[in-house]
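Read the structure below first, then the notes.
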Number of protein chains: 2
Amino acid sequence: MEIKHILPSDIEKTSLGIIKQELTQMGKTLPDDTEATVIRVIHTTADFEYADTMMFSEGAVEKGLEAIKNGAHIVTDTNMALSGISKKTLARFGGEVHCFMADEEVAKEAKERNVTRAYVSMEKAAKLGVPIIYAIGNAPTALIKLKELMDEGYRPELIIGVSVGFVNVVEAKELIINNDKDVPYIVNRGRKGGSGVAAAICNSLLYKLYR
Amino acid sequence: MEIKHILPSDIEKTSLGIIKQELTQMGKTLPDDTEATVIRVIHTTADFEYADTMMFSEGAVEKGLEAIKNGAHIVTDTNMALSGISKKTLARFGGEVHCFMADEEVAKEAKERNVTRAYVSMEKAAKLGVPIIYAIGNAPTALIKLKELMDEGYRPELIIGVSVGFVNVVEAKELIINNDKDVPYIVNRGRKGGSGVAAAICNSLLYKLYR
């Protein structure tokens, strides 16, 4: 195996080209509106399974883009995703990225109530009083809380549900896919997901608007 | 599908138990020294393929633990991995986590030399003059540079090579696996890896020492 010489500026373009080519070879065609998002997730994970498991509600990408253009904030449940999301790009449209997981008050309240910090974080986010895109890369309890908040009348702009893991992850994602409140979603069905996937999905939307 | 009621404090333990059980069902047995690391990577990705593709040089885990106990620093090529690695635990042993990817001087030099920022970051790290564990979750060019530095006599304490992607990723990891300098490695063979995987491997070592 030989190391190929390639200019730094060409690496990403070449990678995205390889992904598209292999998807074609696999006989997978992706809809125009969701293609860039799925490809960016595959770029982040090198896992083509995402082409089959990522679920988008009708018009989810377009609604996400509109929300960003209207200044929506992004709330995530991991500091890794916070670190990976292009905060500068979001800021161009007036939004900020938040993660309350390391917040001491959140930790204290979670302990007192014997719920997860992610659960309390969602309550805190919903009280911000701004339009929010949720990017959940870890805790299924965040998705469960969002479902409860939606049942009480709360409406996120978009839910990116890509929790990863083995306990209530599959189930919590189905709650979002099956939400009857017309809340747009981008969910990776099954166990897989993660902070990197959450950040990649956010960035795929942001890069559609500015790069 | 029903959401299971489970205490926040039991989620991780339950998840790790499910992973062990499924590995057993698949007929996969992992060596005692590497098991915790592989399981933590599966916990982070929900991808059991890692049980087959993670390669450890002889005694790599033990050598990594010794390095941490002796105050080794960790250098990573992504701010997401930096965010995910347990910096408090490393600090107990005197180490710090560094990522130079957002460093302005690194960016400037990379542009002038037409190499990647990751490449320049490795040169900068090697000059720190402290024992270093490298945790490479993204850029194969970081691994390629580390190989060059090793050929010039430089010796990392451990290389965690879990770059992800499609251009030179497979090849760069093989360079580390085939290094003839006896530098210990933990490498995920193939295209898969990522910042989350890099952080999970570091944390699996740190949690063996203190949790």
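No value in this document is a laboratory result; all are computed from the given coordinates. It should be emphasised that the depicted structure is a prediction, and the values quoted were computed from it without experimental measurement. Here the Cβ is made from the backbone with ideal geometry for all residues, glycine too, and neighbour counts use every protein chain on show.
Compared with the alpha-carbon gap, the fully stretched path from B:V130 to B:F48 is longer by 26.0 nm at 0.36 nm per residue.
Under 5 Å between amide hydrogens, built in the peptide plane, is the criterion, and for A:T78 it picks out A:G137 among residues at least 5 positions away or on other chains.
Just want to confirm a number: the relative contact order over chain A, from Cα pairs under 8 angstrom separated by 6+ residues, in percent. If you can, show how the numbers build up before the last one.
Working: 353 pairs, mean separation 51.9, N = 211.
Here the relative contact order equals 25 percent.
Here the dipole of segment B:52-209 is about 440 debye; that uses its Cα centre as origin and unit charges on the Cβ of Lys and Arg (positive) and Asp and Glu (negative). Across the identical copies, the 7 Å label point of A:L128, projected outward along Cα→Cβ, sits 3.2 nm from its counterparts, in ascending order. Charged side chains reduced to their Cβ positions (Lys and Arg at +1, Asp and Glu at -1) give the protein assembly as shown a dipole of some 600 debye around its Cα centre.
How long are the three semi-axes of the equivalent ellipsoid for the protein assembly as shown, computed from the Cα gyration tensor as the root of 5 times each eigenvalue, in whole Å, largest first?
33, 25, 21
Based on the Stokes-Einstein relation at 10 °C and a viscosity of 1.306 mPa s, and on the Kirkwood radius from alpha carbon pairs, segment A:16-111 is assigned a translational diffusion coefficient of 101 µm²/s.
Working note: Debye formula, equal point scatterers on the alpha-carbon atoms of segment B:52-209, no solvent; log10 I(q)/I(0) at q = 0.08, 0.14 Å⁻¹ is -0.19, -0.60.
Ordering A:F93, B:F166 from the fewest to the most neighbouring beta carbons within 10 Å gives A:F93, B:F166. Among A:D151, A:D32, sorting on how many other beta-carbon atoms sit within 10 Å of each Cβ, with the fewest leading, yields A:D32, A:D151. Global dimensions of segment B:91-161 from alpha-carbon coordinates: Rg and Dmax equal 12.0, 39 Å.
Would you mind telling me which residue in A:L16, A:L65, A:L90 has the biggest mean-square fluctuation in a Gaussian network model of chain A, where springs connect alpha carbons within a distance under 10 angstrom? Looking only at A:L16, A:L65, A:L90, the biggest GNM fluctuation is shown by A:L16.
The Cα center of segment B:40-100 and the Cα center of segment A:1-77 differ in position by 28 Å. Consider a paramagnetic label point 7 Å from the Cα of B:E12 along Cα→Cβ; state which residues of segment A:142-164 have an amide N under 16 Å from it. Zone members listed by number: A:164.
Could you work out [θ]222 nm for the protein assembly as shown from helices alone, using -39500 (n - 2.57) per DSSP H run of at least four and dividing by all its residues? Round to the nearest 500 deg cm²/dmol.
One gets -16000 deg cm²/dmol as the mean residue ellipticity at 222 nm.
Here B:G59 yields copy-to-copy label distances, from shortest upward, of 6.4 nm, the label point defined as 7 Å from Cα along Cα to C-beta. Axis angle, to the nearest 10 degrees, between helix B:104-113 and the longest C-alpha principal axis of chain B: 60 degrees.
3J(HN,Hα) along segment B:59-68: x, 4, 5, 4, 5, x, 5, 4, 4, 5 Hz, from the Karplus curve 6.51 cos²θ - 1.76 cosθ + 1.60 with θ = phi - 60°, whole Hz, x for Gly and Pro. Couplings 3J(HN,Hα) of segment A:183-191, computed from phi: 7, x, 9, 10, 10, 9, 4, x, 8 Hz, in residue order, whole Hz [Karplus 6.51 cos²θ - 1.76 cosθ + 1.60, θ = phi - 60°; x for Gly and Pro]. Between the residues B:S83, B:S57, B:L158, the greatest Cα displacement towards the positive end of the dipole of segment B:52-209, with unit charges on the Cβ of Lys, Arg, Asp and Glu, is found for B:S83.
Comparing B:N114, B:N179, B:N138 in a Gaussian network model of chain B, where Cα atoms under 10 Å apart are tied by springs, the biggest mean-square fluctuation is seen for B:N114. Classify segment B:157-211 as rounded, prolate or oblate from the Cα gyration tensor: take a ≥ b ≥ c as the square roots of its eigenvalues, call it rounded if a/c is under 1.5, otherwise prolate when a/b beats b/c and oblate if not. Oblate, because a/c is 1.5 or more while a/b does not exceed b/c. Exposure here means at most 10 other Cβ atoms within 10 Å; with GluC sites (Glu not before Pro) in a DSSP loop as sites, the longest stretch of chain B lacking them is B:59-151.
Comment: the Cα-to-Cβ extended label point of A:A91, at 7 Å, lies 2.5 nm from its counterparts in the other copies, nearest first.
Residues A:I201, A:I18, A:I85 in ascending order of nearby Cβ atoms (within 10 Å, fewest first): A:I18, A:I85, A:I201. Couplings 3J(HN,Hα) of segment A:5-18, computed from phi: 7, 8, 6, x, 6, 9, 4, 5, 4, 4, 4, 5, x, 4 Hz, in residue order, whole Hz [Karplus 6.51 cos²θ - 1.76 cosθ + 1.60, θ = phi - 60°; x for Gly and Pro]. Which entries in the list B:K13/B:K87; B:K108/B:K145; A:K4/B:K127; B:K88/B:K181; A:K88/B:K127; A:K87/A:K124 go over 25 Å, if you measure between the two C-alpha atoms of each? Pairs exceeding 25 Å: A:K4/B:K127; B:K88/B:K181; A:K88/B:K127.
In this structure, the residue pairs whose Cα-Cα separation is over 18 Å, taken from A:K28/B:K173; A:K192/B:K192; B:K111/B:K192, are A:K28/B:K173; B:K111/B:K192.
Quick one: putting +1 on the C-beta of Lys and Arg, -1 on the C-beta of Asp and Glu, what dipole do you get for segment A:83-164 around its Cα centre, in Debye to the nearest 20?
In total the dipole reaches around 260 debye.
Comparing B:V75, B:V115, B:V97 in a Gaussian network model of chain B where C-alpha atoms under 10 Å apart are linked, the largest mean-square fluctuation is found at B:V115.
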